[in-house]
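One structure is given below, encoded as structure tokens.
Only the coordinates and a few stated rules stand behind these numbers; no lab work does. Because the structure is a prediction, the values reported are computed rather than measured. As a convention, Cβ positions derive from the backbone with ideal geometry for all residues, glycine included, and neighbour counts pool all protein chains shown.
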Amino acid sequence: MKMMTGFLHVCVMMTFTHSLSVPEETTVPALPEETTVPDGDNWGTPPPPPSTEDDSFGGWHPSCPDGWSMHSQQCLLFVPKNMIWDDAQNNCQSRGGQLASVYNDLQADEIHEELKRAGHDHGAFWVGGHNSPGNPSWSWSDYMGISAFADFCNGDTAKDEHHCLQITFSEEKSGCLESMDCETELPSICGNIIM
């Protein structure tokens with residue numbers, strides 16, 4: 001019996017000791033929304049916390065027109081209607097853009113993402129590259145004056161007999177540029193460079 005009493009005494013003491021060592025939950029009073037801090041003899045409002053958003057545009061946040069998609073360097077709009085190059089360019093201008101420029105592989109990848117989003121994984125699409133019989137140098141219709149181009153499908157700049165550029169996506173060709181007869185009817189990609 002002494003053993004049982006001793007055992008119960010130890011259990012009661014352990015429970016009592018444990019309940020004393022675990023603090024009860026306490027409610028911490030909320031801080032006021034605006035706190036002032038002393039600054040020498042002056043009391044002022046503390047500066048706002050640093051922004052967690054990327055502010056690489058100096059406070060201006062780029063956006064795209066309705067229906068267009070934001071990408072890293074440009075807003076894009078897929079136009080599924082087949083048109084000749086001039087009509088496709090005029091259509092893009094009426095929507096506030098130009099046929100898309102493809103200066104580099106990143107822009108080609110963004111165009112491909114836009115096409116996939118619209119349900120078109122492969123095919124040929126008008127972009128803004130063009131030249132003329134009197135001036136065989138390629139340029140973009142965006143008036144940026146940049147003469148950089150993503151990869152051409154055949155490794156060269158393009159055939160001289162055609163004066164408009166299209167971008168091709170297929171299993172063999174991934175976002176390469178090719179010259180095409182400007183009177184060919186193709187879907188198009190409108191672009192608007194974010195500045």
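Of Cys92, Ser170, Gly129, which is farthest towards the positive pole of segment 81-195's charge dipole, taken about the Cα centre with +1 and -1 on the beta-carbons of Lys, Arg and Asp, Glu respectively?
Sorting the options by dipole projection puts first Cys92.
With all pairs of different alpha carbon atoms counted, what Kirkwood hydrodynamic radius in Å does segment 71-193 show?
Across segment 71-193, the inverse of the average 1/r is 13.9 Å.
Could you work out how far apart the two model spin labels at Glu183 and Asp151 are, taking each label as a point 7 Å from the Cα in the direction of the beta carbon, and quote it in nm?
In this crude label model, Glu183 to Asp151 measures out at 3.3 nm.
Where in segment 86-163 are there GluC sites (Glu not before Pro) that are in a DSSP coil and have at most 16 other Cβ atoms within 10 angstrom of their Cβ?
Answer by residue number: Glu161.
Beta carbons within 10 angstrom, averaged per residue: use that to sort the peptides 179-186, 72-79, highest first.
Numbers: 179-186: 16.4, 72-79: 20.4.
So the peptides 179-186, 72-79, ranked by packing, come out 72-79, 179-186.
Hey, rough spin-label estimate for Ala118 and Lys81, points 7 angstrom out along Cα→Cβ, what's it come to in nanometres?
Reported label-point gap for Ala118 and Lys81 is 1.2 nm.
Length gain on complete extension for the stretch Asn135 to Ser72, per 0.36 nm per residue less the alpha carbon to alpha carbon distance? The partial results should precede the final answer.
On the way: separation 63, 0.36 × 63 = 22.68 nm, distance 3.17 nm.
Net length gain for the segment: 19.5 nm.
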